[in-house]
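The values are calculated or read from the model by the stated rules, or taken from the named source; none is laboratory data. This structure is a prediction, so every number in the text was calculated from the model and none was measured. Counting neighbours? That spans all protein chains shown, and the Cβs are built from the backbone with ideal geometry, glycine included.
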Ligand SMILES: [Fe+2]
Ligand SMILES: [Fe+2]
């Protein structure tokens, strides 16, 4: 099957920000979670022959730098076939590992958020559907990582610093928490949709995992965005100012983490600094892609009147405006 023939679920976009529209949207999302959901072990045929992960057959080679610009550098082109495949697989797997660690923070924050909701909150049911779905994603991602038989590291202690604060935001500052959610989910969703639509055939196992993920993420993104649309205008000056400053810092940092080769990959494969510079820093196409992956969340930020002359400088500093 060619990738271009894949139908992907799109996020529901409501224009109206009234409470009643918001609640009917949440009910629809909850119903969709019942009608269309996936189980990590029932819905992925892990043991099928075509799903097996093998190196040296070119299945994991990065081509044309479409997904990771490292692939289009001369340095990468000069590697032997096995090394090319190994770096490609390692890159996919480490992003899955980061993804499941991000989802762990996300689930804990959602539980904090739901913990304080009163009886009969439609958000309670929705948040639990999302926690369950994220748990299935994390099972899928970890199973994939295990099956690579590579020792894939996770985030460093430094990256994980601040995790407990983010989790607590779910309870005490949900608007900032949901911007953090979009900062992780939007770039991943952008890259996965792009990969699924690429001409190049991707490995059936990766394709299956991404397809399941994109389908369910459409709901998560829709909820986070509509939560923010309804609730940010109700916030006071201090919270709005905090959002205005913190959001571009979060988005800039997270997009970089998702779209550039992580330190761990650089170390494992001894990628020279000038190659990294060529692939990312000096590569205008990469900057354009990074900005594109944040288009939706940046539009929302502007729509919510959070852009100020000061915050604009932060966006520019991270090169994401
Ligand atoms: Fe997920
Ligand atoms: Fe999600």
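For region 106-135, the tally of residues that are on the phi < 0 side of the Ramachandran plot and either more than 12 Å from ligand 1 (Cβ to nearest atom) or modelled with pLDDT under 95 (or both) stands at 20.
Residues in region 205-224 that are under 12 Å from the mean Cα position of the chain (by Cα) and more than 10 Å from ligand 1 (Cβ to nearest atom): 210, 218, 221.
Residues are listed down the side, and each one gets a yes or a no for (1) modelled with pLDDT under 90; (2) under 25 Å from residue 160 (Cα atoms):
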position	(1), (2)
199	yes, no
213	no, yes
216	no, no
222	no, no
251	no, yes
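Screening region 64-90 for residues that are surrounded by fewer than 20 Cβ atoms within 10 Å (Cβ to Cβ) and not in a loop (DSSP other than H, G, I, E, B) and picking the one that is nearest to ligand 2 (Cβ to nearest atom) gives 71. The set of residues in region 102-154 being surrounded by fewer than 16 Cβ atoms within 10 Å (Cβ to Cβ), away from ligand 2 (no atom under 16 Å from the Cβ) and part of a helix (DSSP H, G or I) consists of 115, 146, 147.
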